Amino acid sequence: MATVAVSRTPGGGGVRRGGGAGGGPGRRAAAARGGPPPPPRPGPGGGRPPPVVRRSLPVFALALLLVAVAGCKPTLPKYNYAAEPDPRNAEWILGVGDQITINVWENPGLTTEATIRPDGNITMPLVGDLRAVGETPSSLKAMIRGHLTDFVKLGSGSEITVAVRGANSYRFTIVGEVTRPGVVQLGYYVTVVEALAMAGGFTRFASKNEMKLLRRDPKSGKSRTIPIAYDFLADGSHPEMNLVMMTGDTLFVP
């Protein structure tokens, strides 16, 4: 026969009953057999998983979605990058700030040293103002010849020379989510990737596959927008997208 222990509480107000092993018949039987106690009976939830398990499932699914999105390549922009000029393979295009020397053979009074002004013009004796921005030294030479024929007799040789003494007009702008946005002025050409490196690279908020290169023709004034997706530059799959930055370009990183 099982013994029942009866004891009074310290306040004397009640009786506490208990068996030889606490925790109910199931746990006492398990203790007598020497095995582990049975699991607790499900609560009012009817055996449903604990709330922490239910919350972890959406988090895990979201993590998988983020990994899948990160592994997807962007869509290749539809643009004819090969149609864009490479200024490294062409004559220098004159711009604001360039310093030039104009020599007219046997006419020292017409020899001129000029800096192209912000309005894009230079001033030359007899001729007056000439539009120099957007011209090359060769095209400017032909323009000067055409104006001087009204005042000076010129032969068919190379009596006129146009030399660039200072190439100061090469500048472009980088704006948006880069470490050091601003205007860059150099004495040599750089590509899109090199320009980004000079700007310190992207910030952590940059949408690097949605960049836009804004380019304006200095002679016609017409502008165009060129899409740039950095992933295609980083893996080398589309080197034609790594355009050479031209004077007046603006690279926007959203």
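The values are calculated or read from the model by the stated rules, or taken from the named source; none is laboratory data. Quick caveat: nothing in here was measured; it's all calculated off a predicted structure. Note: ideal-geometry Cβ built from the backbone for every residue, glycine included; neighbour counts use all protein chains shown. Ligands, DNA and RNA are excluded from the accessible area calculation, which covers all protein heavy atoms including side chains. Shrake-Rupley method; radii C 1.70, N 1.55, O 1.52, S 1.80 Å.
Numbers for the structure displayed
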| item | result |
| --- | --- |
| Single condition THR250 does not satisfy, out of (1) touching a residue at least 40 places away in the same chain (Cβ under 8 Å); (2) touching a helix residue (DSSP H, G or I) at 6+ places or on another chain (Cβ under 8 Å) | (2) |
| Residue that is most open to solvent (accessible area, probe 1.4 Å), among those in region 92-107 that are closer than 20 Å to GLU159 by Cα and in a loop (DSSP other than H, G, I, E, B) | TRP105 |
| Counted residues, region 123-135 - those being open to solvent by 30 Å² or more (accessible area, probe 1.4 Å) and either part of a loop (DSSP other than H, G, I, E, B) or of a type in the set (Phe, Trp, Tyr) (or both) | 2 |
| Boolean, LYS141 is of a type in the set (Lys, Arg), over 26 Å from TYR81 (Cβ atoms) and surrounded by 14 or more Cβ atoms within 10 Å (Cβ to Cβ) | yes |
| Yes/no for ILE144 being among the aliphatic types (A, V, I, L, M) and at pLDDT 95 or above | no |
| Residue pairs meeting the criteria (Cβ under 6 Å; at least 6 apart or on separate chains; first touching a residue at least 24 places away in the same chain (Cβ under 8 Å), in region 224-243; second open to solvent by 50 Å² or more (accessible area, probe 1.4 Å) and not in a loop (DSSP other than H, G, I, E, B)) | LEU233/VAL193; GLU240/ALA82; ASN242/VAL193 |
| Count of region 181-196 residues which are assigned to a strand (DSSP E or B) and either of a type in the set (D, E, K, R) or surrounded by fewer than 16 Cβ atoms within 10 Å (Cβ to Cβ) (or both) | 3 |
| Test result for ALA167, farther than 24 Å from ARG215 by Cα and either of a type outside the set (Gly, Ala, Ser) or modelled with pLDDT under 95 (or both) | no |
| When residues of region 108-122 are limited to those that are over 41 Å from the mean Cα position of the chain (by Cα) and without any contact (Cβ under 8 Å) to a residue 12 or more places away in the chain, the one surrounded by the most Cβ atoms within 10 Å (Cβ to Cβ) | THR111 |
| Flag for VAL152 being touching a residue at least 24 places away in the same chain (Cβ under 8 Å), surrounded by 12 or more Cβ atoms within 10 Å (Cβ to Cβ), in a loop (DSSP other than H, G, I, E, B) and not polar (S, T, N, Q) | yes |
| Residues of region 222-242 satisfying the condition of being among the small types (Gly, Ala, Ser) and either closer than 19 Å to ARG171 by Cβ or in a helix (DSSP H, G or I) (or both) | SER223, ALA234 |
| First in region 67-93 and on the phi > 0 side of the Ramachandran plot, second anywhere and surrounded by 12 or more Cβ atoms within 10 Å (Cβ to Cβ) and modelled with pLDDT of 90 or more, Cβ under 7 Å, 6 or more apart | none |
| Single residue of LYS212, LYS219, LYS208 found to be within 21 Å of ILE93 (Cβ to Cβ) and either in a strand (DSSP E or B) or among the basic types (Lys, Arg) (or both) | LYS219 |
